[in-house]
Amino acid sequence: MHPQRQRHPPGTSPGTIVVPARPEITPRAILTRFTAEAIEEVEVDRPAVLAAATAPGELLWLDVEGHDEALIAELAQRFGIPSLVLEDVVNLGQRPKLEAYDNCVFVVADLIGRRPTTGRVMVEQISLVLQTGLLVSFKARPSDIFGPVRARLHSGKGRMRAGGLDYLAYALLDAVVDHCFPVLEEIGAQLERIEAEMDLQARPELLVELHRLRRDLVQIRRTAWPQHEMVNRLLRTEDGIVQQETLVFLRDVEDHASMIVDMVETYRETIIGLLELYMTTVSNRLNEIMKVLTVIATIFIPLSFVAALWGMNFDRAASPLNMPELGWYWGYPMALGVMALVAGGMLLFFRKRRWIGRAAGGAAGTGRTPRRGGRAGAWE
């Protein structure tokens, strides 16, 4: 789920920074200083370390986990990061966006993942502040999402060091966007499994799974569209902080964001189709059950009329064949037993045909249902 956005009381001055109390998270910051030839990484345990961090020709990447009020105040004072930016950093739940200021570019991106405990889709805000000589990344919770990027930076291969901070910002943004693909691939696999099971038997449990997947896709869709728009705006920025050479790589991120939007819409249509297939199967099966019961009732209607007309109480003195059961000692208990056996036999028959029991809601049947064209989750 998306983190609930904190809102200040109406009338609060813009740029008011109030760091929410999160005692379960210990703030941590890693400062990476690098040039094309060398790299050094230190853990920042106090804001004063930033004062001596800058050296000629060095580029700084500060990766912040959690929100430390003293460190945020130091960033605002030393590097001139606008208070409006820092307000959006600490107030989670921001929409993915791009904002250009006089001395920096502010990017908010959403990281799509799954909660380890429940498996539900989880959205975490990632904030990037890019200015000349400095890149600051903010994560609300500890995460190793940037681990592969950090390893590439230490290896010194490719453009990671020589490309500058705008290229590093691209690499971080690319890691955030691509993290959504495993989640979508898992949803696609679940949809294929549900379609295969529904092709055999439309069980109510499948309906519950479809509604859960639909809620997850709504959450991803709420992020995918503004994230795609944010990358498009970043491609069109003309502030000079993002170099022309980096725009080529940002187009790749834009392509991945477009793929995510397409996959979300495809899976959304697949879920709608499966829900319609489920309801159609339930309706068809219910019609079959009603047809059989109607035939049975139709047969017994005239028989019940004849029995009710004469009452079946014929004079036993006129013929020994007239209702001999009326003279039996156990006649009445036997009649009740026959009624119970007939009722029990009908219940067993209905349960065997899956008309009652697990399929009491009319959701299941033994017959195969028509298969939808194409594989669930296939790209259109």
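The values are calculated or read from the model by the stated rules, or taken from the named source; none is laboratory data. Predicted, not measured: the structure shown is a model, and the values here were computed from it. Note: ideal-geometry Cβ built from the backbone for every residue, glycine included; neighbour counts use all protein chains shown.
Which of the residues belonging to segment 146-170 are in contact (Cβ under 8 Å) with a residue 24 or more places away in the chain, surrounded by 15 or more Cβ atoms within 10 Å (Cβ to Cβ) and in a helix (DSSP H, G or I)?
Our first condition is that a residue be in contact (Cβ under 8 Å) with a residue 24 or more places away in the chain; within segment 146-170, this holds for 146, 148-150, 153-154, 156, 161-170.
Retained after the next criterion (residues that are surrounded by 15 or more Cβ atoms within 10 Å (Cβ to Cβ)): 146, 149-150, 153, 161, 163-170.
Correct list: VAL149, ARG150, LEU153, LEU165, ASP166, TYR167, LEU168, ALA169, TYR170.
Keeping to segment 328-344, report how many residues are under 19 Å from ASN313 (Cβ atoms) and assigned to a helix (DSSP H, G or I). Can you show your working first?
Let us first name the residues in segment 328-344 that are under 19 Å from ASN313 (Cβ atoms), namely 328-336, 338-339.
This time we only want the ones that are assigned to a helix (DSSP H, G or I), so: 331-336, 338-339.
Residues in segment 328-344 being under 19 Å from ASN313 (Cβ atoms) and assigned to a helix (DSSP H, G or I): 8 in total.
Of the residues that make up segment 76-87, is at least one farther than 27 Å from ILE220 by Cα, touching an Asp or Glu at 6+ places or on another chain (Cβ under 8 Å) and either exposed (fewer than 14 other Cβ atoms within 10 Å of the Cβ) or modelled with pLDDT under 85 (or both)? Write out each step before concluding.
Quick first cut of segment 76-87, residues farther than 27 Å from ILE220 by Cα only: 76-83.
Going one step further and asking which of them are touching an Asp or Glu at 6+ places or on another chain (Cβ under 8 Å), we end up with none.
No, every residue in segment 76-87 fails to be farther than 27 Å from ILE220 by Cα, touching an Asp or Glu at 6+ places or on another chain (Cβ under 8 Å) and either exposed (fewer than 14 other Cβ atoms within 10 Å of the Cβ) or modelled with pLDDT under 85 (or both).
Within segment 321-342, can one find any residue that is modelled with pLDDT of 80 or more and either β-branched (Val, Ile, Thr) or closer than 26 Å to LEU191 by Cβ (or both)?
Taking every residue of segment 321-342 in turn, at least one turns out to be modelled with pLDDT of 80 or more and either β-branched (Val, Ile, Thr) or closer than 26 Å to LEU191 by Cβ (or both).
Identify, from the list LEU111, LEU173, LEU59, the residue that is under 24 Å from THR237 (Cβ atoms), surrounded by 22 or more Cβ atoms within 10 Å (Cβ to Cβ), of a type in the set (A, V, I, L, M) and in the same structural domain as TRP225 (by TED's automatic domain parsing).
LEU173
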